Structure formats: C-alpha cells, structure tokens
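Just below is one structure, and these are the notes that go with it.
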Amino acid sequence: MRAKIVSEANRFVQFLKLCQDDNKDSWVYQEYMKISKCNDEPLLSMIEGNQPAFICEKMPPPVYESENTESTDEISLSEETPVKPQELNIGPLPLSVSRAREILSWYAMSQNPNMSQVDAQVLHPLWVRCDMQDPANTSWLGAETVYTGNKATAIKLYTISCKGSSLDEASFITMAQLKQEHQNRHHSSVHIKVTAGDIRSPMYQTYRELEFLLTLAEGLRMEEVEWLEPLETQSAVDLTRALIEDLKNVANTVPGQNLTGSENQTGKNDSVVGLGCMLMERGNLDFTEQLWEKMRRSVTSYQDITDSLKLVIKAVRFGQIKPWVHRDSSSSLSKLMVQSYQQQVDTVPLTGLTPAIMLLELGLDKMRKDYINYLVGNELTTLNHLSYYLSSEVNIQEQVIRLRKLHHLLEVLGTCSSFLNLPHERLFFFTQSCLQYYKTAPYNEEHVFQMQIKPALISHFYQTEQPSSWGVEVSSGKGSGEVKTSWHLSDKPLVDHFSSDSDVPLEVSVNGESEKTAYFRTMVCCSLANFS
C-alpha cells in the first residue's frame, strides 16, 4: 500500500513539473482530471496574488460529433496532450473532497524534504475544486509551499467553504467569532464534554457502582429510595452470611490473613490499572469494601441493609471474625472492626436511617480508594492535591457531591486516554486543571473542559470546524509563516461551481419596499504545517 501511494505521488508531481515547464494552459491527467495553470480565478487571486497556480478539476466529457463531422480521434486523453476545444462547455466540474485530499497529499509529500521516497519538485501552489458534498461545504482545497531561503520548511493548507445566500444577518459571523475561529485553528485546543453513564465509556462499570451510591444518598436526603434492580440473584443477607462464613473458615485468623479466601472469589475481576484502560478493580479490598460490593449488588430495601449489618456486627462483637481493614478507612463499621482488635466494640443502634448511612459510608470509602488507586497509581496527581475530594470531615451529602465530581473528572480522563490516546504529559497537566476547577465549581455535566494540545496528537480525530463572515481577515505570524482566516460576503458566489438551494424567501424578490440584499458567505482558512 505504501509503495503504491509513493508511486502515485511520484507520477503526479512529475507530471505537474512537466506542465509547469510547458507553455500551454491546460492538460489532462489520467483521463479523469483536468489541470490548468492560471492566475485569474477571482477568489484564488485574493489569496495567491498574481503568482501562477495549478487548478485541478474533473475532466469534462468529450464532444460526441455526428457522422458528417470530423472524428473526435484528435481529442487525446493522454497525460501529455493539451485539452482540445472540442470539450462540452458546461462550466467547471469539481472533484470529490476525498479525491482532492488525496491529490493534495501527493503534492505535500513532494514538498516535504523528509519524504526522500518522493521526487522533490519546486512547484506552483496547487488548488483543487471540490464538490461541497461534505458537511463543511468545502469548495476548494489548496496547498502552498513555504520556503526559508531555498529550503522548503512548511506547507500552507487552505480550506474554502461556501454557503448559500441569506438575508438573515444573525447568520453572519461577528468579528469576535472570526478571531475565535482563527485562534482555534492556530492555537489548537480540545473541547471535551462527557456525560456520565454512557455505556460506551471505559468508566461505565464504575458508574454503575456510583449510581447505587447516588441512589442511596438521594434516598437519605428525601427519606425514600427507589431501589435499583439487583445484580445478584442471592439476597443481601445470604451474601453477607457467606462472606462471614468464608472468614470464619480461615484457620488461625490474624489481621491481614483472613482476606485471602474472599479475594479468591473476586480475583477474576482484578486487573492492573493502566492509562489505556479504565478498569478500577483493586486486588487489596478489605472486609468492608468486600461487604459493600456484596450489598450494592443485592440490596433492595432498608431491611436488607439492617439485617446484613446486624450479622456483621454480631460476628465482630463475639469475636467470630477479626477482619482486616485499611488503616485510613473512616466509616463507622471500619472503626468497629479496629475496636474489635482490643475486644472493645461500641454498641450501634441499627435504627432509623443509621444502617443506610453506614452503608453509604462504606461506598464512599471504597470508591475514594478506587479513584486514588487510579490517579495516584498512574502518577496523574498526588494525595495532597486530592485532599479536597477525599475529606470525610464535611457532611455526608457534601462527600457524595465531591466523589461525583471526581468521577466526572475520571470520565473525562477516560475519554482522553482510551479514545484520543493522549500521552501522559498532557493527561497530567489536564488532570491538575480539572481538579482545580472542581474545587470551586458546582457539579456540572454540561461543562466543557478545554485542553491545549498540538493537532498532530489527535490527527486521527482532528476535523476542520464548520465555518459560518464580508471581507474581514484575521492574520498571525510573519513573513512566509503568516497565516490568515478570512470571511467574505458577496451578492454572487465567489465559487464559480457553487450550486445550492437558497434560503431567501420568494416574496423578497417581488417586494421592492422591503427588499434586502442576500449575501453568499465564504470562509477561507489556512493552516501551516511545518516539515521539521
């Protein structure tokens, strides 16, 4: 495939070089494309000035003459033959946008000094007429080489889009919008908005866990819970009893040992956390975290929570189990576990909302550790920078809000790492900015996070924005490195192969008193791609 592309590029640029040295005005390339050398296209002369340029367009069909006329044999479609006047006079014919991009890629390869496989040629700028069948209504694509001395150092890539005439002045771009369009193109940034719960998200399974936690928190706030469909067929009480029995059966139980048996049941889900995948499972779940996992999958009522916690507290109080818990756990149940090591367990009245609060504490503890494991384990931040999100000193509803913010941040990071494959350096700085944002901002899934980035890093996703402006131009850079973005209004289309249904209402043409000029809107964008 690579050899074929190089061969096609060499063939095309060698032909362009022959055309450039020829004194004719037009040629035919491979029977499907007409190449002209001119500098009188109104729109292109605004960009290129008086310098000559190549124009590529679709080859018109030949004239089919009657039997008593001269034969059309003299019309040759070979590469070296100039176009004959026997072509149908049907106006310029555009090529598809995909074909135009292919042609420009051949041209760009020949101008890039790093592409030694393609013959280097000093060529006029190249423009390809496009059929505007893409979403951006692209009418022209162009390329022009930038030289420093005699060395080609970069290439300017132009995109011209044209829209139909309109009387609606609200559709005209403002100067601020044009400046923003220019800034977006030449100070590239990625805008990311993620809605939690998308099944395509690498964080979807973690979201399901958060969803139960949020349901529980909302139930505590409203004092009424709409329980989710359980993920387990066994009841919460049966699963809790099985977990306790598993720990009882571990011989010679000491703190830290009794986790082994339970972990064997969940080991198939454990995995090493990496930037490319967002699996959040950990292999070092303590007893309270395992209990949370069992209960979140099976609880369907307050009574389920109460009965399950009664089993656990009874087993702890009578010394039947002495489960290991993380040192930094802050839940009420974890504190009871620690007390059991000294055979001193406080009495906990499991009445009212207390059992649900205790379960919510387990979930907050467990999910915070999951997020720490991912963010700190992948060196995207430090515990110190996460202190706002990990604090258990604020009320429990505020803890839930902060955990939800942290999850939203991870949803965004999941998109960046899994779909955009961004390098660690960019993810690190982006993480810091997101953490800083959510310290003061309320939770908002509609917020658009912005990341400064080089377009080359996301070239497989990078698309030109659909432009929407009347002889206004914004430029940056100096000399040969100058790039411009301009917008034009005209009462006639600047693109001579333009064809589109106008959105001008019919009554305008017959109402002289309120008649207004309908303008065609054309955007000219330029990008600079350096070869080094």
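So the values come out like this:
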item: Ordering of 103-112, 347-356 by packing [mean C-beta count within 10 Å, highest first]; result: 103-112, 347-356
item: Amide proton proximity set for S139, modelled H, under 5 Å, gap of 5+; result: I160, S161, C162
item: Alpha-carbon Rg with Dmax, taken over the range 284-398, Å; result: 14.8, 44
item: Restraint check, K335/K369; K310/K366; K294/K335; K34/K151; K322/K405, Cα-Cα greater than 26 Å; result: K34/K151; K322/K405
item: Mean Cβ neighbour count within 10 Å, used as a protection proxy, ranking 420-431, 221-232 highest first; result: 420-431, 221-232
item: Rounded to whole Hz, the Karplus (6.51, -1.76, 1.60) HN-Hα couplings of the range 91-104, x for glycine and proline; result: x, x, 10, x, 9, 5, 5, 5, 5, 4, 5, 5, 4, 5
item: List E31, E144, ordered by accessible area with a 1.4 Å probe, largest first; result: E31, E144
item: Per residue solvent-accessible surface (Å²) - the range 335-461, probe of 1.4 Å; result: 46
item: Kirkwood Rh in Å, taken over the range 359-400 so that all alpha-carbon pairs contribute; result: 10.8
item: Alpha-carbon Rg with Dmax, taken over the range 90-139, Å; result: 13.2, 41
item: F15, F419, ranked by accessible area, largest first (probe 1.4 Å); result: F419, F15
item: Per-residue ³J(HN,Hα) for the range 318-325, Karplus 6.51 cos²θ - 1.76 cosθ + 1.60, θ = phi - 60°, Hz, x for Gly and Pro; result: 8, x, 5, 9, 10, x, 7, 10
item: Highest-first arrangement of 406-415, 197-206, where packing means the average Cβ count within 10 Å; result: 406-415, 197-206
item: Long-range HN-HN contacts of W227 with modeled amide H, under 5 Å; result: none
item: Environment charge at Y388 (Cβ cut-off 14 Å; Lys +1, Arg +1, Asp -1, Glu -1); result: +3
item: Area of V118 that stays accessible when all protein chains are in place (1.4 Å probe, Å², to 10); result: 10
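The values are calculated or read from the model by the stated rules, or taken from the named source; none is laboratory data. It should be emphasised that the depicted structure is a prediction, and the values quoted were computed from it without experimental measurement. Note that each Cβ is placed from the backbone with ideal geometry, even for glycine, and that neighbours are counted across all protein chains shown. Accessible surface areas use protein heavy atoms only, side chains included; no ligands, DNA or RNA. Shrake-Rupley method; radii C 1.70, N 1.55, O 1.52, S 1.80 Å.
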